[in-house]
Amino acid sequence: MHMTKAMYEVTKPILRRIPLLRKVRSLFDERRNRAVERNILADQGRVRERIARQRSANEKTKIYFVFTQSQLWGLQAFYDLLWESEDFDPYVVVMPNTEDSSTPHRVSLAKNLAEFGRLGVRIISGATDDGTIASCTTIITDGSIVFVDQPHPGLPGDWSYEQLSKRSLICYVPYGFKVANAHDGHFNQLLHNIAWRVFCETDWHKAQFAKYGKRDAANIVVSGYPKFDEYRRSDKTAGLDPKVVGALEAGKKIVIWAPHWSVQDDYLGYSTFDRYYRDFQRLAASRPELMWIFRPHQRLRYHLEEIGFLPAIEIEKYYEWWCHQDNTACSTESNYINMFRASSAMITDSGSFLAEYLPSAKPVLVLRSKGSVGYNELGEAIIASYHHADTAEGIERFVSDVVLNGNDALIAQRNGLSRLIFNQEIESSSRILISELRSSLSSSEVRCSRWL
């Protein structure tokens, strides 16, 4: 019997729970995605022709960055280059945080608009004041380029990749450095297979797209990781909390605690926040000679509320505690690389931060959860250069032995790995991105897919 889309939607809750039928859903998704990809690849050729005509008439190519979470913005250096260029016209389309079910869209939209406003980028609001998301056709112009940062942004169907591709070339720059043991999720989603360009972190990541994706990595470009461009900036204190700047000037050591969001999560399961959240408060209070920065994953606050871990008012009080002690600060801003540079060490159970902190050359304490999905090959190599603990006492030993007394035997191993993912002597990621856009838009290319 042929399964229609309507039938599929009705049976979706059942399919999620029954392993045998889950395979049926997977086959249906595969068939549907093939049709979507064929349509999008056909549209790409037509959009490229429009852009070519515009550029031959000396018109600037409009570029739209579509973001639902301002904390994930990591393209400031690239945006700045586009803004200064004579052939590109960049905009940031700011959306509500569609992932946060505990916060009204109008509130998350206002927060995102405020953060992007602080960054000084040119903004287009993607929603009305009450949080209603606008139609794609009222914002995205024909013959443009759209950058997205995650495979599943949670936007309405009007903003689907199939609809966007009718007007724009879609580019994907991952918001995080991929170290999780999630090869299909990181290298074989619909977006990975239909994007005009996927800009990835390293040659290793490109090899994973070739291995797990559907297009033999034909649309993959190794650009490096754009957030690493912030390590190149000369001003190391820009954007830092005044309390952190004061701690630096006083010669205090600074410790970042960066907990992941995945408390009681059956898939990723990285987070140890539920085990240690009170221990870290006690540790910060007992070590006033240190400056502590609480840097939670952007999803943590509303995830705790959604799973009922704590009442909303208690979550708010917990976050406020970290903001208001004499030797603590709370960090939620999008540009945190200067925080890494200012710090003395980081304690985390997160994913991407494990790689993003590596160029700082500072020590890391990894808190591993027994229920976590684990790390990919590159991730395992990175965490092998870090310290580990699975008890509160182990955390205290790291603070005493490594942070305060400097007993860090892993620094040489970290420095060797760091050069594999970030080489400051080569061209910046942002310059590679803009060069690739120019060369690709001026070439007559055919990039085929095994699906076709």
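Of Trp292, Trp257, all but one fail to be touching a Lys or Arg at 6+ places or on another chain (Cβ under 8 Å) and either at pLDDT 95 or above or within 23 Å of Glu377 (Cα to Cα) (or both); the exception is Trp257. Checked against the criterion of being assigned by TED's automatic domain parsing to the domain that holds Leu367, surrounded by fewer than 16 Cβ atoms within 10 Å (Cβ to Cβ) and basic (Lys, Arg), region 379-397 has at least one qualifying residue.
Taking first residues from region 235-255 that are farther than 14 Å from Ile337 by Cα and assigned by TED's automatic domain parsing to the domain that holds Lys362 and partners that are at pLDDT 95 or above and among the charged types (D, E, K, R), no Cβ contact under 6 Å between residues at least 6 apart in sequence or on separate chains turns up. Of the set (1) closer than 15 Å to Val222 by Cβ; (2) modelled with pLDDT of 95 or more, all apply to Phe422 but (2).
Beta carbons closer than 8 Å, at least 6 apart along the sequence or on distinct chains, pair a first residue in region 157-174 that is assigned by TED's automatic domain parsing to the domain that holds Ile140 and within 18 Å of Ala52 (Cα to Cα) with a second that is of a type in the set (D, E, K, R) and buried (at least 20 other Cβ atoms within 10 Å of the Cβ) for Ser165/Asp43; Lys166/Asp43; Leu169/Arg197; Cys171/Arg197.
Could you tell me which residue of region 369-411 is modelled with the lowest pLDDT, considering only residues that are in a loop (DSSP other than H, G, I, E, B) and of a type in the set (D, E, K, R)? Restricting to residues being in a loop (DSSP other than H, G, I, E, B) and of a type in the set (D, E, K, R), the top hit is Lys370.
Inspection of region 113-135 finds a residue satisfying the criterion of being free of Cβ contacts under 8 Å to residues at least 60 places away in the same chain, part of a helix (DSSP H, G or I) and of a type in the set (Gly, Ala, Ser). Just a yes or no: is a residue in region 100-114 buried (at least 19 other Cβ atoms within 10 Å of the Cβ), of a type in the set (Val, Ile, Thr) and at pLDDT 95 or above? No, region 100-114 has no match at all.
Let's see how each residue does on (1) in contact (Cβ under 8 Å) with a residue 60 or more places away in the chain; (2) surrounded by 18 or more Cβ atoms within 10 Å (Cβ to Cβ); (3) outside the structural domain of Ser372 (by TED's automatic domain parsing):
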position	(1), (2), (3)
Arg197	yes, yes, yes
Glu201	yes, yes, yes
Ala210	no, no, yes
Val263	no, yes, no
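Residue pairs whose Cβ atoms lie under 6 Å apart, separated by 6 or more positions or on different chains, with the first residue in region 381-393 and over 11 Å from Thr348 (Cβ atoms) and the second among the charged types (D, E, K, R), are Ser385/Arg414; Ala392/Asp279. Selection within region 121-131: residues that are at pLDDT below 95 and either surrounded by fewer than 13 Cβ atoms within 10 Å (Cβ to Cβ) or basic (Lys, Arg) (or both). The member of this set that is nearest to Lys62 (Cα to Cα) is Thr128. Screening Val402 against (1) farther than 14 Å from Val366 by Cβ; (2) of a type in the set (A, V, I, L, M); (3) surrounded by 17 or more Cβ atoms within 10 Å (Cβ to Cβ); (4) in contact with an Asp or Glu (Cβ under 7 Å, 6 or more places away or on another chain) leaves a single unmet condition, (1). How many residues are in a loop (DSSP other than H, G, I, E, B) and under 16 Å from the mean Cα position of the chain (by Cα) if we restrict to region 350-368? So the count comes out to 3.
Taking the listed residues Ile347, Ile315, the one that is assigned by TED's automatic domain parsing to the domain that holds Leu417, surrounded by 16 or more Cβ atoms within 10 Å (Cβ to Cβ) and outside any strand (DSSP E or B) is Ile315, with no other qualifying. Scanning region 136-156 for residues that are assigned to a helix (DSSP H, G or I) and touching a residue at least 12 places away in the same chain (Cβ under 8 Å), we see that the one that is surrounded by the most Cβ atoms within 10 Å (Cβ to Cβ) is Cys136. Among residues that are within 30 Å of Ser101 (Cα to Cα), exposed (fewer than 14 other Cβ atoms within 10 Å of the Cβ) and of a type in the set (Ser, Thr, Tyr), Tyr267 is included.
The values are calculated or read from the model by the stated rules, or taken from the named source; none is laboratory data. Just so we're clear, the structure is a prediction, and the values are computed from it rather than from any experiment. Note that we place each Cβ from the backbone using ideal geometry, even for glycine, and neighbour counts take in every protein chain shown.
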